[in-house]
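Peer 1: Take a look at this one; I'll ask things after.
Every number in this text was worked out from the coordinates using simple rules, so none of it is lab data. Quantities reported herein were computed from a predicted structural model and do not represent experimental measurements. Every residue, glycine as well, gets a Cβ built from its backbone with ideal geometry; the counts of neighbours run over all protein chains shown.
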Amino acid sequence: MSGKPPSLKRIGLPWPELNDGLAYKDVVSSFSSSSELTTVSDFYSTKYKSSAPLLGWIQRIQNGQIQIDGEVVKDHNTLLRRGSKLVYHRLPWKEPDTPYSLEVLYEDNDLIALNKPSGLQVLPGGLFQQRTLLTQLQWCFSKKDSSTGARESHPVPVHRLGRGTSGILLCAKTKLAKTKLASYFAEGTSLVGFGNLDQECGTGRKISKIYRALADGIVEEDEVVIKQPIGVVRYPGVAKGLYVASSEGKPALSKVAVLERNMQRNCTLVKVEIQSGRPHQIRIHLAYMGHPLVGDPLYVAGGKPKCFDPDAVDSAFAEDGGYRRPNQAVPGDCGYHLHAHQVELPNLLNLNKVVKVVAPLPPILQTSSEAEENGFSSCKLS
């Protein structure tokens, strides 16, 4: 295996108090009405209805946050015409407290593997537009390029981990690496549901992904294979819908192995190898089998969210005109214990060699013997 060995090398810069805000650009191409005219408030409240209600968009317009063809407009009844160029300026805001320090687990000319802390979002979305792992990568490598004079290299994540999930995140440093890694992940998911069990469970797979998780209750079976499909349902506060266990969903497969049962704390430490990459797959699959992750604020037994009304919408909106955060839990909420512990994949330059990356385990996800060896208490929960 080539590349730098695991070390305590870290990257990451502290976050500024406020982010830079955002600018969303649009060009009016067509109208639904025969009159070929619509108002600026109708345009935004129709196209971006998941961002803010009509009254919220009117508030943003009156704040001077909308430009039409380079001019600020404050009258929400201003008419648009085909070809009008619009810019919505989202005001800077303080994003929630977020960790920023990243441990480098492995690095070569094509790949960098990072140990993502729980609480750090991978890509921009929702309240987190700057405080993301992607931003730290851009800051770090832009600084490195300017100081060395080397050709610019901007690593990008090739898969995702939930905000509350910690552990290994693979990032490609070249276009070729990005293409290869994306194909490896897609290939693994495509095998599930269309072959025999041996093929689905890893034969010939190029990437092996092993997680540690702390599940609620006592898992009786030593090994379990979960093949529950995962689909999407409407859910307040999640514009593209919430992933849940669904017979109408897409194939997904997880292999669960019990590492240790804690009768006193009524929880089970498990190792999970996923053969597909559906969003929130491990959280959903363990909940589906009746053992949701300890501390998971969203998924409960059965692989569905806690009781909610998919048609409920909070009519109030926040200071910037957008919808308030829903009362129900959302996928990005933290509190559960899930860690991407080990990844194996071919060396991108020599497919006969294997790159193995291991992320140190949080104390709560170590077995009693591992915790004793590392000098930690074996108590799983405080």
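Peer 1: Grab the beta carbon distance between L176 and Q67, set R0 = 51 Å, and tell me the FRET efficiency rounded to 0.05.
Peer 2: 0.80
Peer 1: Using modelled amide H (1.01 Å from N, peptide plane; none on Pro or chain starts), what sits under 5 Å from the amide H of L79, excluding residues fewer than 5 places away?
Peer 2: Amide H neighbours of L79, under 5 Å, 5+ apart: none.
Peer 1: S246 to Q264: extension gain in nm, 0.36 nm per residue of separation minus the Cα-Cα distance?
Peer 2: Going from the current span to full extension adds 3.2 nm.
Peer 1: Give, in nm to one decimal, the length gained when the segment between L351 and L22 is fully stretched (0.36 nm per residue of separation minus the Cα-Cα distance).
Peer 2: 114.2 nm
Peer 1: Oh, and also: Starting at the first residue of segment 96-101, write each ³J(HN,Hα) from the Karplus equation 6.51 cos²θ - 1.76 cosθ + 1.60 with θ = phi - 60°, in whole Hz, x for Gly and Pro.
Peer 2: Listing the rounded values in order: x, 3, 8, x, 10, 7 Hz.
Peer 1: OK, next. How many nm separate the modelled label positions at A301 and L127, each set 7 Å beyond the Cα in the direction of the Cβ?
Peer 2: Simple spin-label model gives 3.1 nm for this pair.
Peer 1: Below 8 Å between Cα atoms, with a sequence gap of 6+, how large is the relative contact order for segment 52-125 in percent?
Peer 2: Relative CO of segment 52-125 lands at 19 percent.
Peer 1: From the cross-link list K178/K240; K178/K271; K240/K306; K9/K240; K49/K74, which pairs have alpha carbons spaced over 30 Å apart?
Peer 2: Values: K178/K240 25 Å; K178/K271 28 Å; K240/K306 18 Å; K9/K240 37 Å; K49/K74 19 Å.
Over 30 Å Cα-Cα: K9/K240.
Peer 1: Also, quick follow-up: Report ³J(HN,Hα) in whole Hz for each residue of segment 50-58, in order, from the Karplus equation J = 6.51 cos²θ - 1.76 cosθ + 1.60 where θ = phi - 60°; Gly and Pro get x.
Peer 2: Couplings: 7, 7, 7, x, 3, 4, x, 5, 4 Hz.
Peer 1: Another question, then. Amide H to amide H under 5 Å from F128: which residues, 5+ apart in sequence or cross-chain, H placed 1.01 Å off N in plane?
Peer 2: So F128 has HN proximity to no qualifying residue.
Peer 1: Another question, then. Take the Cα coordinates of segment 22-90, assign each an equal point scatterer, and use the Debye formula without solvent to give log10 I(q)/I(0) at q = 0.12, 0.18, 0.20, 0.23 Å⁻¹.
Peer 2: -0.25, -0.59, -0.74, -1.00
Peer 1: Here's something else I'd like to know. Can you work out ³J(HN,Hα) from phi for every residue in segment 235-246, in order, using Karplus 6.51 cos²θ - 1.76 cosθ + 1.60 and θ = phi - 60°, giving whole Hz and x for Gly and Pro?
Peer 2: So the Karplus estimates, Gly and Pro as x, are 7, x, x, 10, 4, 8, x, 9, 7, 8, 5, 8 Hz.
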